[in-house]
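Working notes for the structure below.
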Amino acid sequence: MKPMTVLSVIQLGNLLGIRSEDGVRSPFLKRGIYNAAKRAGYLVVPYIMPEYVEVSGDDPVTLIEDDPREALSPSFADAHLLVELGMSIAMGNGRYEPSEIRQLSYVLERNFDFTELEIRALTALKKLSYMSPPDIGRVADMMSKRFPPDECREIARMMTTVGAAGSIGSGKIIALRKLFAAVEIDERELYQLMMGYRYSESGVIEVKRMFAPRAEKPNLRREPVVKLNFDVVATKKRETESVGVILSEIFASGE
């Protein structure tokens, strides 16, 4: 896995000239960080827009290069949530397995179509989630606020296939039990599902489509690289107040 530069929300805010004395990011400050980074040519991962994700000052974020020709689609937030949910399940045992990532990719492929910008953002989110696994309770709470109860339960059942695609351990079972409890599904159904899943010839567990894909299939194999040189940070802070210049020197994207 290639290295990724990770900053806290506070560190990124300070770099962008957006500070909070108490270290807690209000929706206004979150939007300010997002917009300042976007003006400088970068997209914040995870997607920290006020209406989508709750973050604190210590939460980790990274940046990818924005593409002004592409806009995030309305369905991006749904896919973003599914990636966090899937990674919180896959990381229940401490690290994910390739089969679990294949299954998560299949779930996304079955339900969405992404632009190149969205593919890069979700790939970065997957890598960030490996370094700092999302809390499944937080993600389940976000899901319950975004979807009606019946859809939440269907999403939980669908995402259980990610856990079933790999080895079963106590950490993963705990994560899945928390998810099922959050959406009020009897955990006996969890065990029935886990025992009943079978792989298809393609090596994935078939799932029904819940979200309508637009056209193309996503490819989460492309991995953006962001590199940080803290010496450059200090030098550029002294030399210029231009956020765009600072960030372009600090973050470099490539294969």
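Read-outs throughout are calculated quantities, based only on the coordinates presented, and are distinct from any laboratory measurement. Because the structure is predicted, anything quoted here is derived from the model rather than measured. Counting neighbours? That spans all protein chains shown, and the Cβs are built from the backbone with ideal geometry, glycine included.
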If you filter the stretch 30-96 for trypsin sites (Lys or Arg not before Pro), then keep DSSP loop positions with at most 16 other Cβ within 10 Å, what is left?
Arg69, Arg95
Given just the C-alpha atoms of the stretch 76-196, how large is their convex hull per residue in cubic angstrom?
93 Å³
Beyond 28 Å (Cα-Cα) in this structure, taken from Lys127/Lys208; Lys127/Lys172; Lys30/Lys208; Lys38/Lys178; Lys38/Lys208, we find Lys30/Lys208; Lys38/Lys178; Lys38/Lys208
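Dipole magnitude of the stretch 68-146 about its Cα centre, charges +1 at Lys/Arg Cβ and -1 at Asp/Glu Cβ only, in debye to the nearest 20?
Computed charge dipole of the stretch 68-146: roughly 120 debye.
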Given Cβ point charges of +1 (Lys, Arg) and -1 (Asp, Glu) and nothing else, what value in debye, to the nearest 20, does the dipole of the stretch 76-196 about its Cα centre take?
380 debye
Treating only the Cβ of Lys, Arg, Asp and Glu as charged (+1, +1, -1, -1), what charge dipole size does the stretch 10-168 show about its Cα centre? Round to the nearest 20 debye.
160 debye
With Cβ to Cβ distances under 14 Å as the rule, what net charge do the other residues near Met143 carry (K, R +1; D, E -1)?
-3
Please work out how much length the chain gains when fully extended from Ser170 to Ser73, using 0.36 nm per residue of separation minus the C-alpha to C-alpha distance, in nm with one decimal.
31.3 nm
If the chain between Glu116 and Arg153 were fully stretched, how many nm would it gain, using 0.36 nm times the residue separation less the Cα-Cα distance?
10.3 nm
Each label point is 7 Å from the Cα along the Cα-to-Cβ direction; what then is the distance between the points at Asp135 and Arg31, in nm?
2.5 nm
